[in-house]
Amino acid sequence: MSNALGRWAPLSLAEVSKLFEGAKFPWWIAGGYAIELAIGHPHRPHDDVDILVLRRDQAAIQAHLASWDLHVADPPGAGRLRPWLSKESLELPLHGVWCRPAPDSPWAFELMLDEADGDDWVSRRDPRVRLPIDRLGRVTPAGIPYLASEIQLYYKAKAVRAKDQVDFAAALPRLGTEQRLWLRDALETTAPSHPWIAALR
């Protein structure tokens, strides 16, 4: 995969797991792969790998990836990257960090920085939407942490693309009652006319 910001050669999930082994901070596979891990089998192609981490862990993240070439999407969504300087603290609205082993390497994964308040995860899009951090993710039998489907679908709901609709359809039958209620309430809080709300009732 390539785009205006350079080539991609995403790490496999096993490679990501090995890279973050022993990390001093929580992390979760995010994006379409999070849905795939939740349903237990591949259901569509993936172009990249997203990893969600907490903004408050920035120093530990930089230390863990000290040998990597890290760039911040600044401003978000503008198609521009700049180096993430050592010990630089990234604040909202900055939240995407592109990562590659060396400056001449393809991009390997993207870190998504998200918010926390004490023991709660807080959506960077709407601070009214929150969840205890210990409910934020799940772990595969192989030990790979991934974002809970209701959280990932909440983020995908902002601007639904074809692949997001595919992910929603794949995940919906496997959402438990508590997951459905949380996602419905979150969407009703942020986007009360969202078409997914009816399917969650």
Nearby lysines by direct alpha-carbon distance to Lys87 (threshold 30 angstrom, same-chain neighbours under 8 apart not counted): Lys18, Lys24
Among the Cα-Cα pairs of segment 2-174, the proportion with separation greater than 24 Å, in percent, is 34 percent
Of the residues Leu181, Leu52, Pro10, the Cα lying farthest along the dipole of the chain towards its positive end, which is defined by charges on the beta carbon of Lys, Arg, Asp and Glu, belongs to Leu181
Semi-axes of the equivalent ellipsoid for segment 90-201, please: Cα gyration tensor eigenvalues, times 5, square-rooted, ordered largest first, whole Å. 25, 17, 16
Tell me, what is the percent relative contact order of segment 2-174, built from C-alpha pairs under 8 Å that lie six or more residues apart? 25 percent
With n ≥ 4 as the cut-off for DSSP H runs, can you work out [θ] at 222 nm for the chain, using -39500 (n - 2.57) per run divided by the number of residues, rounded to the nearest 500? -8500 deg cm²/dmol
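Quick note: the coordinates plus some simple rules give every number you see, no bench work behind them. Given the structure is predicted, the values throughout are model-derived calculations rather than measurements. Reconstructed Cβ throughout: ideal geometry from the backbone, glycine too, with neighbour counts over all protein chains shown.
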